[in-house]
Amino acid sequence: MKSESLLHMIAFGLLWVGGLNWGLWALFNLNLVNALVGSWPMVEKVVYILVGAAAVYTLVTHKDYCKWCSKMMK
């Protein structure tokens, strides 16, 4: 697996974490990240930073990985 593909999959997984966390928080007032690592506030902050970085990375590289978008951009 290429390092770019691995980075893409990691970013995609972090977007899942972020999306699920926001959904659970909105529906049930449950912060999953805090529930899992709440006793380590620095780790919690790092998770949020990684999710944000994954979102930026995905926005910047999306057209390269999405077959539909890459066709539309040509």
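The values are calculated or read from the model by the stated rules, or taken from the named source; none is laboratory data. What you see is a predicted model, and the numbers here were worked out from it, not measured in a lab. Backbone-built Cβ (ideal geometry, glycine too); neighbour counts: all protein chains shown.
Quick notes on this structure:
- The residue of the stretch 38-51 that is nearest to Gly18 (Cα to Cα), among those that are of a type outside the set (Ser, Thr, Tyr) and in contact (Cβ under 8 Å) with a residue 12 or more places away in the chain, is Val51.
- Among the residues making up the stretch 19-62, those that are over 10 Å from the mean Cα position of the chain (by Cα) and hydroxyl-bearing (Ser, Thr, Tyr) are Ser39, Thr61.
- Of the set (1) in contact with a Cys (Cβ under 8 Å, 6 or more places away or on another chain); (2) loosely packed, with under 12 Cβ neighbours inside 10 Å, all apply to His62 but (2).
- Filtered residues of the stretch 35-47 (kept if touching a helix residue (DSSP H, G or I) at 6+ places or on another chain (Cβ under 7 Å), loosely packed, with under 15 Cβ neighbours inside 10 Å and at pLDDT 95 or above): Val43
- Residue within the stretch 14-27 that is in contact (Cβ under 8 Å) with a residue 40 or more places away in the chain, surrounded by 12 or more Cβ atoms within 10 Å (Cβ to Cβ) and in a helix (DSSP H, G or I) present: yes
- Scanning the stretch 1-49 for residues that are within 28 Å of Tyr65 (Cα to Cα) and of a type in the set (Val, Ile, Thr) yields Ile10, Val17, Val33, Val46, Val47, Ile49.
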